[in-house]
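See structure below.
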Amino acid sequence: MGVNYMEGKTCYVYMIECKNNALYTGITNDAVKRWYRHFKGFAANYTKIHGCKRPVFLKKFASKGLAMKEENRIKKLSRTEKLLMVVNEDAKLLFKFKKEFNKKFYK
């Protein structure tokens, strides 16, 4: 079995609003890099096909296991429930990463 590059590291669960208004959910250990790959079309097939509008949600976890549990939970939610998560989120972490993302993506 290969080495798991995210095990033992801080991980993030994120949502990206796609151009078809869907909310794509994923996990990563580097939010800025992952978002950049989504927006450039080098990440998930779904975002490659449907395009990305903007990152809308970001939550930090102490391990990949915890992040995966949250990702799976979110993927089972309705769109309305996901939008409530976006509205109720503490925006400080998301704002920080969006600022870094904008520097990298909109050079």
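Give the residue, chosen from Ala62, Ala67, that is closer than 19 Å to Val32 by Cβ, small (Gly, Ala, Ser) and touching a strand residue (DSSP E or B) at 6+ places or on another chain (Cβ under 9 Å). Show your work before the answer.
Details: Ala62 fails: closer than 19 Å to Val32 by Cβ.
Just one listed residue meets the conditions, Ala67.
Would you check which residues across the range 44-90 are in a loop (DSSP other than H, G, I, E, B), exposed (fewer than 14 other Cβ atoms within 10 Å of the Cβ) and hydrophobic (A, V, I, L, M, F, W, C) and list them?
Correct list: Ala62 only.
Looking at the range 10-30, I want the residues that are farther than 24 Å from Leu66 by Cβ and have a partner that is outside any strand (DSSP E or B) with Cβ atoms under 7 Å, at least 6 apart or on another chain. Which pairs are those?
Every condition considered, the pairs that remain are Cys18/Thr47; Cys18/His50; Cys18/Gly51; Lys19/His50; Lys19/Gly51; Asn20/His50; Ala22/His50.
When Arg37 is evaluated against the numbered criteria (1) farther than 18 Å from Glu89 by Cα; (2) in contact (Cβ under 8 Å) with a residue 12 or more places away in the chain; (3) charged (D, E, K, R), which criterion, by number, is the only one it fails?
Single failed check for Arg37: (2).
Name every residue in the range 65-86 that is modelled with pLDDT under 95 and of a type in the set (D, E, K, R), in order of residue number.
Arg79, Glu81, Lys82
So Val32 fits all but one of (1) in a helix (DSSP H, G or I); (2) over 19 Å from Lys9 (Cα atoms); what number is the exception?
(2)
Show the residue pairs meeting these rules: Cβ distance below 8 Å; 6+ apart or different chains; first residue within the range 76-104 and closer than 18 Å to Leu23 by Cα; second residue at pLDDT 90 or above and exposed (fewer than 15 other Cβ atoms within 10 Å of the Cβ).
Final answer for the pair search is Met85/Leu77.
The values are calculated or read from the model by the stated rules, or taken from the named source; none is laboratory data. Keep in mind that what you see is a predicted model, and the values were worked out from it rather than measured. Methodologically, a virtual Cβ is constructed for each residue, glycine included, from the backbone with ideal geometry; neighbour enumeration extends over all protein chains shown.
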